[in-house]
Amino acid sequence: MKKWKSIKFTIMSIIACMAFIAVCVIAFKMKNGSLNPVKEKTTLNSDVLEASFRDIGELATHEYDFTMLEQYENTKTLFGKNIGLTKKSFLYSYDGVVKAGVDFSQIKVKVNEEKKTITLTIPDAKVLSVEIKEDSFRMYDEKNNLFNPIKIEDMNEANRELKANAEEKALSGDLLKKAKENAGVLIENMVSEITGISDYSGIIK
């Protein structure tokens, strides 16, 4: 079973957004003279904006929740051939989440003073983590083998396979597309807070 969350930003997103806005608003006020006795023409500095994004770093902007049922099998081999009576297997399930997002440090900013626009180029989204809820583990139909018993190494290998399968299923949907769209919404809101005290408009690419 999988469940897509429409738009879900983490607490880190909110904190990062607030920090970004605070830094940039202060920078803007210093630029336009609101924090100085002499008022000067308001100008935007692309380096300042890019530096603010770099401080945020990688940020998860969309999640894919999953519950997966997998089967693990192992048989001992000799010279590339299976050894009879050594097969072991078990069914198991886990709940987890695949998180995807954008590396904000890779955002490029271009300011056009003449047109009063800020163009922000966002990098493609990527999978940031595949997390398994350990307390959700369930094992079914366990078939142990005297000559090839189930070990902790088998569980570790099964977990690696499960994470790989979960990531593959998440990527087969629109996980990355949604993550980039949500990043765009977040950035647009952040920029609007800054440009609210000026005549600039934002363009997201």
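Summary table below
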quantity	calculated
Number of the condition not met by Thr67 [criteria: (1) among the polar types (S, T, N, Q); (2) more than 26 Å from Glu167 (Cα to Cα); (3) at pLDDT 80 or above; (4) touching a Phe, Trp or Tyr at 6+ places or on another chain (Cβ under 9 Å)]	(2)
Hey, Lys151 in contact (Cβ under 8 Å) with a residue 24 or more places away in the chain and among the basic types (Lys, Arg) or not	no
Condition broken by Ala183, with the remaining ones in (1) under 15 Å from His62 (Cα atoms); (2) modelled with pLDDT under 90 satisfied	(2)
Residue within segment 149-172 that is within 17 Å of the chain's Cα centre (by Cα), farther than 18 Å from Asp95 by Cα and modelled with pLDDT of 80 or more present	yes
Single residue of segment 74-95 satisfying the filter (in a strand (DSSP E or B) and not hydroxyl-bearing (Ser, Thr, Tyr)) that is nearest to Glu181 (Cα to Cα)	Asp95
Criterion: touching a Pro at 6+ places or on another chain (Cβ under 8 Å) and either at pLDDT below 55 or surrounded by 13 or more Cβ atoms within 10 Å (Cβ to Cβ) (or both) - qualifying residue of Lys29, Lys8, Lys88, Lys3	Lys88
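The values are calculated or read from the model by the stated rules, or taken from the named source; none is laboratory data. Keep in mind the model is a prediction, meaning the values are calculated, not measured. Note: ideal-geometry Cβ built from the backbone for every residue, glycine included; neighbour counts use all protein chains shown.
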